[in-house]
Amino acid sequence: MTWEQLVAFNIALLVAIASPGPALLMATHTSASKGRSAGIAAGFGLGLMASTWTLTALLGLAVVFELFPMVYTAAKILGGAYLVYLAYKMWRNASSPVDSRIPPAKHAFRQGFFVNLLNPKSVLFAAAVLITVFPAGLSVIESFVIVFNHFLVEVAFYTILAFSMSTQAISRRYMQAKIYIDRGAAVIFGALGVRLALSRGEAL
């Protein structure tokens, strides 16, 4: 493994993270609605699970999905159902004030973790990028570096996003239009959930 290969992996990773999808939508919405600490916590949850998917890809889980398509299908349906559930909660609570009794950081971390946990396409993406960028026969240390690097890139991206989306001006505008933003996000989450459950092998 070379530094050039690691840089190429990071570029592909950043493009994937910044692409519209449930993870980016969840992190953006959390940062604007719950604040900076919750947004960073969500990023840690998303990053932890995303880097774990990279680890499983290195261990060969992508091959399991290919050999046993029913496992992959079941995982997609479960992930889609979870996104639809989040959409339902967003829509239902759109007109309610922000509940300060809920520990936002802890809740956001858990939600971010599950959003990526229930998206099995992450492991297929990781496998495809790893095969394309890195040579075969990676050592244990090289694999650890790739996984830890993935985690750091995810956390850095979502931390910057949290600082950007939790400014006083953006938070004030969010509160003014909370019902419309939340219900718009709910529609998108629901659509992404249905798409994940019904899709085949293409990226979400």
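Within region 128-153, the residues that satisfy the criterion of being surrounded by 15 or more Cβ atoms within 10 Å (Cβ to Cβ) and part of a helix (DSSP H, G or I) are V129, L130, V133, E142, S143, I146, V147, N149, H150, F151, V153. Is there a residue being among the aliphatic types (A, V, I, L, M), at pLDDT 75 or above and surrounded by 19 or more Cβ atoms within 10 Å (Cβ to Cβ) anywhere in region 168-180? No, the conditions are met nowhere in region 168-180.
Criterion applied to N119, N93 was being open to solvent by less than 40 Å² (accessible area, probe 1.4 Å), modelled with pLDDT under 80 and among the polar types (S, T, N, Q), and the one residue passing it is N119. Against the conditions (1) more than 21 Å from the chain's Cα centre (by Cα); (2) modelled with pLDDT of 80 or more, V63 satisfies every one except (2).
The values are calculated or read from the model by the stated rules, or taken from the named source; none is laboratory data. The structure presented is a predicted model; accordingly, all values stated were derived computationally and were not measured. With ideal geometry, Cβ positions are generated from the backbone for all residues, glycine too; neighbour counts draw on all protein chains shown. The accessibility values were calculated without ligands, DNA or RNA, using every heavy atom of the protein model including side chains. Shrake-Rupley method; radii C 1.70, N 1.55, O 1.52, S 1.80 Å.
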